[in-house]
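Trainee: Pasting in a structure now, in structure tokens, and then I'll have a few things to ask.
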């Protein structure tokens, strides 16, 4: 069976579907656990029973989200073994170790302290209960850490050595893997985006209560906590986003160029604040990239290289090469990549023949060109370019919405603090409708990170076309639809149960 | 034994007194059944585990995959 484009496309679509659905549930848990922990801390410090009721209400919504989202990530692990077996084998223990730690940590911390958090209100001391709530928040965030370390390695593989005898990457330096700058910035940016989403969720639902003129005190208190948390974490999100973009510029310049629709590199490059891509633009032609654009001068140079005058390479600089800037073309990288692949083949054959001298020579050639190995599998240089429109629009959607959320938190906090929030209907409606926008921003962020990384499964080393298993595309297609139905069902169930609980309100049963 | 009993009753009473939680546990049960008893076994056998017996065979297969002509 051949690796047809159809198989690759269905495998990618299936993974994207499961990851995007999984990501609907995770960020809310990451952030809501902290908001609940803050609320319970206020309860323990003040002894005000209202704060206990407030905490318990948000805890119930957390439980619904947690229960529906539970194990949706497991499907991705099934997919690794079936659809992405080449990838799973090649990443070896580098991917396996963080995922195993995540599994154990999630199981022990969540099953133990989650139970105390929900069942222990009258059975353990207030302080013990509070400690459990904080540990659930910290534990769920630490789970995300290990997943993002694994993902960071795919974006910027470090701390490993490729074993040509087993065709696996072996971990050489665990510290390098966990402190991979790409993983660190990705973790901080991802979890802080979860905090922002959870803040939007609490503010939006509280706004609904105020619009309905019910549970006023509960809603206002919840809003103040969530808007304060959202404002602080939005600033952190901004900062971690800056660091993330810096890492992308250093390690994945093609992704950065696609995110900004930058075809030809320039010094003092600007950021497109708002832009509409020209659909007729193709690689290598001299058509305008944008039909319309509003640009912030020098900002991309600063964002990517922390210098206002830095040169930011464009897609075509990397594709066709730029001697002046010492940028090697993809065509040249493909030649070196093919040398690496050919040397690996020679090594394998020499080992089989028992010819040690030939094997050592081949190994030397392989190691010299190994960093370009992935390029050896590309059919043509243009394959190294990700989908520009998808990367550009996802990135700008994420950034635009992130900016809006920061403004919203300031407005909500201001009116809540001066005790005017229930009279500002436009703010309440804006807060309510910002809940789905929070999810849109989350999904757009995932698309930027993962679609922008294409064609690579492991940056520069393994393209997705080589990562897929030799399975029938029809079976992947069937499971794609099966998951689409299952996840949509789960999402409908979550929304229905949650809406019912919101209508019952904080005074009802939990 | 006393500690084990305490833990048992902690969970027992916790589950018993749940309101919304009961519905959620039913949902979790159905979901886990679909995931592990249906989807995993029917649609998601581990490709390398089921096609090859040893790690040596898997390595050999992967090296062939990585070095075959494009």
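Read the figures in this text as sums done on the coordinates, not as results from a lab. The structure presented is a predicted model; accordingly, all values stated were derived computationally and were not measured. Using ideal geometry, Cβ is built from the backbone for each residue, glycine included, and neighbour counts are taken over all protein chains shown.
Trainee: Got a sec? How would A:153, A:146, A:481, A:134 order by Cβ neighbour count within 10 Å, fewest to most? Walk me through the numbers before you get to the answer.
Mentor: On the way: A:153 26, A:146 22, A:481 11, A:134 19.
Least crowded to most crowded, the residues run A:481, A:134, A:146, A:153.
Trainee: Could you check the simple spin-label distance between residue B:53 and residue A:295, using points 7 Å along Cα→Cβ, in nm with one decimal?
Mentor: Label at residue B:53, label at residue A:295, 6.5 nm between them.
Trainee: Specify the angular offset, from 0 to 90 degrees and rounded to the nearest 10, of the alpha carbon long axis of helix A:356-369 from the longest principal axis of the alpha carbons in chain A.
Mentor: Between the helix axis and the principal axis of chain A, the angle is about 50 degrees.
Trainee: For the pair residue A:332/residue B:38, report the inter-label distance in nm, with labels modelled 7 Å from Cα in the Cβ direction.
Mentor: The answer from the label model is 5.6 nm.
Trainee: Can you sort A:410, A:203 by how many other beta carbons sit within 10 Å, fewest first?
Mentor: Values: A:410 14, A:203 34.
If I rank by nearby Cβ atoms, fewest first, I get A:410, A:203.
Trainee: Which order do peptides A:171-181, A:75-85, A:314-324 fall in by mean Cβ count within 10 Å, highest first?
Mentor: Packing proxy ranking, top to bottom: A:75-85, A:314-324, A:171-181.
Trainee: Given Cα pairs under 8 Å that are at least 6 residues apart, what percent is the relative contact order of the stretch A:84-138? Please report the intermediate quantities before stating the final value.
Mentor: Working: 20 pairs, mean separation 16.9, N = 55.
Relative CO of the stretch A:84-138 lands at 31 percent.
Trainee: Something else about it: Which whole-number percentage describes the relative contact order of chain A, with Cα contacts under 8 Å and a sequence gap of 6 or more?
Mentor: 21
Trainee: Please give the peptides A:484-490, A:341-347 ranked by average Cβ packing (other Cβ atoms within 10 Å per residue), highest first, as a rough proxy for protection.
Mentor: A:341-347, A:484-490
Trainee: Which whole-angstrom value gives the distance between the alpha carbon centres of the stretch A:200-279 and the stretch A:404-447?
Mentor: Here the two parts' Cα centres lie 12 Å apart.
Trainee: Distances longer than 12 Å among the Cα atoms of the stretch A:144-201: what percent of all pairs is that?
Mentor: On the way: 1097 of 1653 pairs.
I get 66 percent for the Cα pairs in the stretch A:144-201 exceeding 12 Å.
Trainee: Tell me, what is the FRET efficiency for residue B:16 and residue A:481 to the nearest 0.05, using R0 = 41 angstrom and their Cβ-Cβ distance as r?
Mentor: 0.55
Trainee: Give me the one-decimal nm value for the distance between modelled label points at residue B:46 and residue A:390, 7 Å along each residue's Cα-to-Cβ direction.
Mentor: 2.9
Trainee: Related question: Within the stretch A:138-156, what residues put their amide N at less than 18 Å from the label point 7 Å along the Cα-to-Cβ vector of residue A:179?
Mentor: A:146, A:149-150, A:152-153, A:156
Trainee: Here is a further query. Once the Cα atoms of helix A:473-504 and of chain A are each reduced to a long axis, what angle between those two axes, in degrees from 0 to 90 to the nearest 10, is obtained?
Mentor: 20
Trainee: For the stretch B:18-67, would you read off the P(r) tail past 14 Å as a percentage of all alpha carbon pairs?
Mentor: Percentage above 14 Å: 67.
Trainee: For the stretch A:1-56 and the stretch A:285-306, compute the distance between their C-alpha centroids and round to whole Å.
Mentor: A separation of 34 Å, based on Cα centres.
Trainee: Next up: With r defined as the distance between the Cβ atoms of residue A:499 and residue A:16 and R0 fixed at 22 Å, what FRET efficiency is calculated, to the nearest 0.05?
Mentor: E(calc), rounded to 0.05, equals 0.20.
Trainee: Here is a follow-up. Indicate the gyration tensor shape class of the protein assembly as shown (rounded, prolate or oblate), computed on the Cα atoms with a ≥ b ≥ c the square roots of the eigenvalues: a/c under 1.5 is rounded; otherwise a/b larger than b/c is prolate and the rest oblate. Could you put the intermediate results ahead of the total?
Mentor: Values: a/c = 2.23, a/b = 1.42, b/c = 1.57.
Oblate, because a/c is 1.5 or more while a/b does not exceed b/c.
Trainee: What percentages make up the Cα-Cα pair-distance distribution of the stretch A:1-125 when the bins are 5 Å wide from 0?
Mentor: 2, 9, 14, 18, 15, 12, 9, 7, 6, 4, 2, 1, 1, 0
Trainee: Tell me, A:471, A:464 in order of fewest to most beta-carbon neighbours within 10 Å?
Mentor: Fewest to most other Cβ atoms nearby, the residues stand as A:471, A:464.
Trainee: Just to check, using Stokes-Einstein with a Kirkwood Rh over alpha carbon pairs, what's the diffusion coefficient of the stretch A:48-191 at 25 °C and 0.890 mPa s in µm²/s?
Mentor: Translational D for this selection: 143 µm²/s.
Trainee: How many Cβ atoms of partner chains, on average, are near each residue of B:33-40 if near means within 10 Å of its Cβ?
Mentor: Average per residue, whole number: 4.
Trainee: Continuing with this model, one more query. Considering the alpha-carbon set of the stretch A:368-476 alone, what are its Rg and its Dmax in angstrom?
Mentor: Over the stretch A:368-476's Cα set, Rg and Dmax evaluate to 21.6, 69 Å.
Trainee: With a Cα-only, solvent-free Debye model of the stretch A:261-385, what are the log10 I(q)/I(0) values at q = 0.10 Å⁻¹?
Mentor: The computed values of log10 I(q)/I(0) come out as -0.47.
Trainee: May I pose another question? Once fully extended, how much extra length lies between residue A:308 and residue A:170, figured as 0.36 nm per residue of separation less the alpha-carbon to alpha-carbon distance? Before the final figure, lay out the partial values.
Mentor: Details: separation 138, 0.36 × 138 = 49.68 nm, distance 3.97 nm.
Between residue A:308 and residue A:170, full extension yields 45.7 nm more.
Trainee: Taking chain A as the reference, fit the longest principal axis to its C-alpha atoms, fit the long axis of helix A:216-251 to the helix C-alpha atoms, and give the angle between the two in degrees, 0 to 90, nearest 10.
Mentor: 10
Trainee: Between residue A:41 and residue A:429, what FRET efficiency comes out of the Förster formula 1/(1 + (r/R0)^6) with R0 = 30 Å and r the beta carbon distance, rounded to 0.05?
Mentor: Computed FRET efficiency for residue A:429 and residue A:41 comes out at 0.45.
Trainee: Averaged over peptide A:77-90, how many Cβ atoms belonging to another chain are found within 10 Å of each residue's Cβ?
Mentor: Mean inter-chain Cβ contacts per residue within 10 Å come to 5.
Trainee: Now a separate question. I'd like the mean, over residues of B:15-28, of how many other protein chain beta carbons sit within 10 Å of each residue's own Cβ.
Mentor: That average works out to 5.
Trainee: Residue separation times 0.36 nm, minus the C-alpha to C-alpha distance between residue A:50 and residue A:404: what's the value?
Mentor: So the chain would gain 124.3 nm between residue A:50 and residue A:404.
Trainee: Given the Cα-Cα distance of residue A:111 and residue A:368 and 0.36 nm per residue of separation, how much length would full extension add, in nm?
Mentor: 87.7 nm is the gain from fully extending residue A:111 to residue A:368.
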